[in-house]
Each structure stands twice: as structure tokens, then as C-alpha cells.
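Below is one structure, written out as C-alpha cells; comments come after it.
A short reminder: the numbers here are calculations on the coordinates, not readings from a lab. What you are looking at is a predicted structure, and each value in this text was computed from that prediction instead of being measured. Every residue, glycine among them, receives a Cβ derived from its backbone with ideal geometry; neighbour counts consider all protein chains shown.
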Amino acid sequence: MSLTVGVLAIQGDVHENITSTETALKELGIEGTVVGVKTTKEISKLDGLIIPGGESTTIGQLSLVNSSLKMIKEKTEHGMPVFGICAGMIMLSKTANDRVVGKTDQPLLDLLDIKLERNSFGRQKESFEANISMSAIDIPKFNGVFIRAPSVSDVGSGVEVLATFNEKIIAVKKGNLLGVSFHPELTKDVSLHKYFIKLIKNSKN
Ligand code: GLN
């Protein structure tokens with residue numbers, strides 16, 4: 001069985017995620033292809049999807065135009081695993097407020113019962129790296145790269161908190177949905193991408 005993993009290719013860290021996912025598949029010895037996707041037709045063929053970091057307002061508005069947002073929602077509600085990274089985690093959320101400008105009327109998928117605070121750690125120039133730990137998924141040490149990163153300000157029932165930093169929630173999971181505030185694709189460590197591939201594989205069994 002070969003897996004088809006998509007990276008939503010509207011805006012943001014698309015190529016970096018394709019590379020990390022290809023490396024992760026190789027290291028796991030799992031057969032699969034990784035594709036950048038934009039259209040509903042492309043999304044309909046996926047076994048799993050990564051929504052990359054970038055700018056959530058842009059990703060949301062542009063994926064609304066060609067109905068890809070609707071297709072992602074449908075597929076996910078039928079069990080497709082989704083890994084939301086930074087802006088991608090914002091896309092998965094129910095509501096998002098910007099720390100500076102407050103509520104923005106941006107399109108969201110409303111798939112994961114979490115509230116988000118956008119730009120929770122400051123602006124681009126306040127980017128930083130920090131050691132974080134996700135012991136619950138056997139990743140005790142990970143270098144988190146935070147760039148205009150969001151944090152999760154509230155979680156609904158059944159949402160597991162995987163990591164916090166400075167008392168802010170920065171990684172969550174519920175069922176086949178995974179969301180992180182930081183950018184694993186900007187490091188050489190593919191353990192989170194490997195974990196996501198295993199989620200996809202298990203969802204197919
Ligand atoms: N602050 C961005 C947003 O709100 C996310 C930043 C990122 O993905 N690195 O969409």
C-alpha cells in the first residue's frame with residue numbers, strides 16, 4: 001500500500017514540508033508519494049494533508065476561492081489525517097484572534113475545537129528557537145522554530161495538549177488531527193513528520 005501525502009500549496013513553507021515528508025517516508029521505509037496540492041481534485045486523492053506555515057489569512061482566502069477549503073473539511077470529517085503547522089494550525093481551529101488587532105474575519109476550517117491566539121509570541125523580528133518536549137508522542141526533545149507563532153488559548157474536550165512553552169500551549173492532537181505552533185520543516189529533525197506518516201498509515205488499516 002502506497003500513501004499519497006499532500007502539502008497544501010497555496011502559500012508558505014510548501015517545498016520544505018515536501019522534502020521533510022519525503023525524508024520521513026524514506027527513514028520509515030514506507031512507500032509513498034508527496035505532492036503539492038491546490039485543487040479539489042488533487043485533494044480528493046489524498047491519504048493525508050499537511051497545511052504548512054505561512055500566512056493563515058492568505059491561505060484561507062485563496063483556498064476559499066476554488067472550494068479546496070470545503071474539500072479539506074469533507075475529507076477530514078471522513079477521517080483524513082491533517083497536520084497543521086503554525087498558520088496551518090490556525091486554519092484547523094474554531095476561532096482565531098490576533099494578539100495585536102483582535103478578531104479577524106478570516107476563513108477557518110473549524111475542525112479542531114481550539115481557540116487560537118495569532119502572533120502570540122510577537123512579530124517576525126521576535127522569532128526564536130527553543131527546546132520543547134512532546135513526551136506523549138515519544139518526542140522528548142525537539143528544536144522548535146517559532147516565527148510569528150500562534151499559541152492555543154483554549155482547548156475543547158478530547159483535545160490533548162502535547163507541549164507547552166512559557167505556559168502557552170504550542171502543540172495539540174485530537175484523533176487524526178495534529179497542530180503545532182512551530183516549524184519542524186525548518187529543522188533537519190523529521191520525527192514529527194514521521195509521527196504524522198504513522199497516523200496516516202494507521203488511518204488506512
Ligand atoms: N502569524 C501567521 C498567521 O497568523 C502564522 C505564522 C507562521 O505560519 N509562521 O497566519
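Worth a mention:
- For segment 176-196, filtering for residues that are over 26 Å from residue 166 (Cβ atoms) and more than 13 Å from the chain's Cα centre (by Cα) leaves 1.
- Note on segment 104-119: residues that are closer than 16 Å to residue 178 by Cα and either assigned to a strand (DSSP E or B) or among the acidic types (Asp, Glu) (or both) total 5.
- Subset tally (residues that are closer than 22 Å to residue 9 by Cα and touching a helix residue (DSSP H, G or I) at 6+ places or on another chain (Cβ under 7 Å)) for segment 97-118: 7
- Of all the residues in segment 44-68, those that are out of contact with any Gly (no Cβ under 6 Å at 6 or more places or on another chain) and part of a loop (DSSP other than H, G, I, E, B) number 5.
- Only one entry of 187, 164 meets the criterion of being within 16 Å of the ligand (Cβ to nearest atom), out of contact with any Pro (no Cβ under 9 Å at 6 or more places or on another chain) and among the polar types (S, T, N, Q), and that entry is 187.
- Every residue from segment 74-88 that is part of a helix (DSSP H, G or I) and either near the ligand (Cβ under 8 Å from one of its atoms) or under 19 Å from residue 182 (Cα atoms) (or both): 87, 88
- Condition check for residue 139: surrounded by fewer than 20 Cβ atoms within 10 Å (Cβ to Cβ) and in contact with a Leu (Cβ under 9 Å, 6 or more places away or on another chain): yes
- Verdict on residue 122 being small (Gly, Ala, Ser), part of a loop (DSSP other than H, G, I, E, B) and either closer than 17 Å to residue 81 by Cβ or within 16 Å of the chain's Cα centre (by Cα) (or both): no
- Filter result for the condition that a residue is within 16 Å of the ligand (Cβ to nearest atom), part of a helix (DSSP H, G or I) and surrounded by 15 or more Cβ atoms within 10 Å (Cβ to Cβ), over 71, 91: 91
- Subset of segment 50-68 that is among the hydrophobic types (A, V, I, L, M, F, W, C) and within 16 Å of the ligand (Cβ to nearest atom) - its residue that is farthest from residue 106 (Cα to Cα): 50
- Evaluation of residue 104 against the conditions (1) away from the ligand (no atom under 12 Å from the Cβ); (2) surrounded by fewer than 20 Cβ atoms within 10 Å (Cβ to Cβ) shows that the sole unmet condition is (1).
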